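The structure under discussion appears below in the form of structure tokens.
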Amino acid sequence: MMKFDATHGLLKEEISAYQETVTKLHRAIREKSGAGNDYMGWVSWPVDYDKEEFARIKEVANKVKDKAEVLVVCGIGGSYLGARAAIEMVQGLYANNPTEVIFVGNTFSSTYTAQVLEHIKDKSVVLNVISKSGTTTETALAFRMLKNFMEEKYGKEEAKERIIATTDKEKGTLKALALKEGYETFVIPNNIGGRYSVLTPVGLVPLAIMGIDIDAMMQGFLDAYHELDTDDLNKNAAYQYAVARRILQNQGYNVEFFVTYEPQLQMLAEWFKQLMGESEGKEGKGILPDSACFSTDLHSLGQFVQEGNKVLFETVLCVEKPTLDLSVPNDPENGDNMNYLTGKSMDWVNKMAFEGTLQAHEEVGNVHNLLISIPDMKEHSFGYLCYYFFIATAMTCYMLDINPFNQPGVEVYKKNMFKLLGKPE
Ligand code: PA5
């Protein structure tokens, strides 16, 4: 399903040399006995997710879809990036969808928030607010503005039919508010952290409203759960990747460039950056995840990758089959000298750009490349790659003796900000 290829990785150690370590850590992951195990609900989520709630997500989505000219999704970090990554990957950037999706609550930018309010003022709006803690300031502040907007536009009664809250089962400010206002609510499991939560109601609610086939997505998630349930490094493509990362860091590479050749995968790269960065970047350890979209960024960062400071390796996400393709038309005048491509598919050109770049980076630039391939950009592939990256992240972090499921560092800025904002203790 997903393939991993380290033949361009220029690895100085054999991946198989790590078999013993991987066997031990695989058990810690599957038995949920490793560090941070109170947040390992995602490990068995493909089989034990709440089926009744899943059915209710589809029902609610069907009910609100018709009135959602715009779906506004209010959340940040793990309560935001996964849904956006999935929607863009599956539907593309200019989808022919009667519902437009807009993300708020992920910034304090007044200009951005004001422009969204202006943009949606005459449109039919459904609002999904997502926060596990229910207290995240970016989300809570935007939600206050949006709630106010909805109540002014529709009146309190109709607004409550258009607001959906996804939050903790019992606790938190958002839960209390949703109960008081009578919003439809969905539960974020308390044993799954934000960046591992895209296939819980966190992502599933907006995805279903956007018309995405969440059954196919969960099937991909489940298929990966089964296929990757092996400690055998010859068979487990996620663990091969996890080990290759560690080998490359041992060789001195502290930056991972996550490369795609599809603009609709740029948010997936953002999601990946959060997953790896927040899971691994602690105790002075970890690889800095960065990203680029080629060939676009070959005209900017490409120079650095080719000839700059040798700090990075590349992980390229290759898509075997594009969602859409085009054939290059003939031009009898050939004024642009492009007739040598007549009749060729545009995706073939993209793939040749990839092959040429791989060779240039590896053979001339001495840049190490890890390749991960997915068959397409559909729902099943998204679900599969979620489990792939979750389990790869857990393995690569455990190999570093890091707890992949906490994020103590993100509290530091909040403390300072709250003091400056005069937030009561
Ligand atoms: O991965 C994480 O835990 C974070 O990115 C959170 O998801 C993010 O801070 C949002 O938190 P909350 O859902 O509590 O509003």
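General observations
- Selection from segment 171-188 of residues that are in a loop (DSSP other than H, G, I, E, B) and away from the ligand (no atom under 14 Å from the Cβ): G182, Y183
- Residues located in segment 189-229, provided they are touching a strand residue (DSSP E or B) at 6+ places or on another chain (Cβ under 7 Å), within 12 Å of the ligand (Cβ to nearest atom) and either more than 23 Å from K63 (Cβ to Cβ) or not in a helix (DSSP H, G or I) (or both): T200
- One residue from K67, K63, K123 being more than 11 Å from the ligand (Cβ to nearest atom), in a helix (DSSP H, G or I) and among the basic types (K, R): K63
- Selected residue (only one of E307, E283 is under 30 Å from G193 (Cα atoms) and not assigned by TED's automatic domain parsing to the domain that holds A83): E283
- Scanning segment 1-54 for residues that are open to solvent by less than 50 Å² (accessible area, probe 1.4 Å) and among the aromatic types (F, W, Y) gives F4, Y18, W42, W45, Y49, F54.
- When each of T113, T136 is tested for being under 28 Å from Y413 (Cα atoms) and within 16 Å of the ligand (Cβ to nearest atom), the lone residue that passes is T136.
- All told, K156 falls short of being in contact with an Asp or Glu (Cβ under 6 Å, 6 or more places away or on another chain), of a type in the set (K, R), more than 15 Å from the ligand (Cβ to nearest atom) and modelled with pLDDT of 95 or more.
- Residues within segment 86-115 that are at positive phi and more than 15 Å from the chain's Cα centre (by Cα), tallied: 1
- Only one of the numbered conditions (1) more than 13 Å from the ligand (Cβ to nearest atom); (2) open to solvent by less than 40 Å² (accessible area, probe 1.4 Å); (3) closer than 30 Å to N416 by Cβ is violated by M150, and that is (3).
The values are calculated or read from the model by the stated rules, or taken from the named source; none is laboratory data. Given the structure is predicted, the values throughout are model-derived calculations rather than measurements. Glycine also receives a Cβ, built like all others from the backbone with ideal geometry; neighbour counts cover every protein chain displayed. In case anyone asks, the SASA skips ligands and DNA or RNA and just uses the protein heavy atoms, side chains included. Shrake-Rupley method; radii C 1.70, N 1.55, O 1.52, S 1.80 Å.
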